[in-house]
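Report on the structure given below.
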Amino acid sequence: MEVIIESTQEAASLLAAKMIAALVHSKPTAVLGLATGSTPLGLYRELARMHRDEGLDFRQVTSFNLDEYVGLGPSHPASYHHFMRENFFQHINLPAQNTHIPDGLSTDIPQTCEEYESSIRQAGGIDLQILGIGSDGHIGFNEPSSSLASRTRIKTLTPRTRADNAPFFGPGEEVPQHVITMGIGTILETRQVLLLGFGEKKADALAAAIEGPISPLVPASALHFHPRAHAILDEAAASKLQRNEYYRHVFTNKPLWQRL
Ligand code: GLP
């Protein structure tokens, strides 16, 4: 895994946006894997700015989101459908029919999950997957103990993840127990991964994922099986990495042809 440490969250988000813009320029029909949560907000803002000011064109892009809460429809303010519309889709020219998010209101979840996997295959697979990380090391909603070969399926959230995500819900509103999430196996099949991590709150999870053993107890550690995974962190999120200096050295001394 390539570890890139930027001085701030803003700088890290700009770098991730540049990488995605470069992909969309070189492949206008790119298939993007999208994430929710507070982590990718700066990235989405910058991509929207590039669309507005520089004509970055998403007309032929296809997107697949990682996950959705079971029981929440697209109009629920805490649903990931709503999140994506508000924070990204309404600011760019990605056609609605090219966007995919698991259906939280499905009445046949196994069938919905199978269809989601087959839509990804039909689109030619995901070129680049954006990921955040949960404070317990989850990616998507693959909680600790998820199979490292898992596919899109229903999962039960841990109390910690429900507490972490409670601020996105109204006062007195329960965070759903269940979600639909792309699996770790699904994520490992994408062609490139950008794992974003910001702030001290993520430092332990990132140290475990990047420098600890590969374990289903730290789902993000499975990214070591991915041949093209980049972790883009700010200083605070990288503060517990033992090889911090080495990662910086590698990045600074990249051969010219490897740079953006
Ligand atoms: C949720 C999402 C994840 C996200 C995580 C971290 O669990 N399903 O995709 O990475 O939250 O959220 P945040 O970026 O708000 O810290």
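Please report, largest first and rounded to whole Å, the three semi-axes of the ellipsoid equivalent to the stretch 1-151, where each semi-axis is the square root of five times an eigenvalue of the C-alpha gyration tensor. Could the numbers behind the result be given before it?
Details: eigenvalues 116, 72, 50 Å².
Semi-axes, largest first: 24, 19, 16 Å.
What Rg and what Dmax come out for the chain when only alpha-carbon atoms are used, in angstroms?
17.3, 53
Starting from the amide H of residue 196, placed 1.01 Å from N in the peptide plane, find each other amide H under 5 Å away whose residue is 5 or more places distant or on another chain.
131, 132, 232
Given a Förster radius of 25 Å and the C-beta distance between residue 122 and residue 162 as r, what FRET efficiency does 1/(1 + (r/R0)^6) yield to the nearest 0.05?
Taking R0 as 25 Å, the efficiency between residue 122 and residue 162 is 0.15.
If you roll a 1.4 Å probe over the stretch 1-108 with all protein chains in place, what percent of the accessible area is carbon or sulfur?
Carbon and sulfur: 50 percent of the exposed surface of the stretch 1-108.
What full-extension length gain, to one decimal in nm, is calculated for residue 224 and residue 257 as 0.36 nm per residue of separation minus the Cα-Cα distance? Walk me through the intermediate numbers first.
Values: separation 33, 0.36 × 33 = 11.88 nm, distance 2.35 nm.
Taking residue 224 through residue 257 to full extension adds about 9.5 nm, to one decimal.
Within straight cross-link reach of residue 240, meaning Cα distance under 30 Å, which lysines are found once same-chain residues fewer than 8 apart are removed?
Hits, sequence-local ones excluded: 18, 155, 201, 202, 254.
Report the charge-dipole magnitude of the chain in Debye, nearest 20, computed about the Cα centre from +1 at each Lys and Arg Cβ and -1 at each Asp and Glu Cβ. Don't skip to the end; give the middle numbers.
Values: 22 positive and 28 negative charges, 120 e Å.
The dipole magnitude comes to about 580 debye.
Based on the inverse mean of 1/r over its pairs of different Cα atoms, what is the Kirkwood hydrodynamic radius of the stretch 171-260, in Å? Walk me through the numbers before you get to the answer.
Working: mean 1/r = 0.0667 Å⁻¹.
Across the stretch 171-260, the inverse of the average 1/r is 15.0 Å.
Express in Å², to the nearest 10, the accessible area of residue 103 obtained by rolling a 1.4 Å probe over the protein heavy atoms while all chains stay in place.
Estimated to the nearest 10 Å², residue 103 gives 70 Å².
Under a 5 Å amide H to amide H cut-off, with H placed in plane at 1.01 Å, what residues pair with residue 65 once short-range neighbours are removed?
The list, which skips near neighbours in sequence, is 34, 100, 101.
Which is the longest part of the chain that has none of the GluC sites (Glu not before Pro) sitting in a DSSP loop with at most 15 other Cβ atoms within 10 Å? Don't jump to the answer; show the numbers that get you there.
On the way: sites that count: 173, 174.
The longest uninterrupted stretch comes out as 1-172.
The values are calculated or read from the model by the stated rules, or taken from the named source; none is laboratory data. Keep in mind that what you see is a predicted model, and the values were worked out from it rather than measured. Ideal geometry is used to build each Cβ from the backbone, glycine not excepted, and the neighbour counts take in all protein chains shown. For the accessible areas, the whole protein counts, side chains as well, though only heavy atoms, and no ligand, DNA or RNA atoms are used. Shrake-Rupley method; radii C 1.70, N 1.55, O 1.52, S 1.80 Å.
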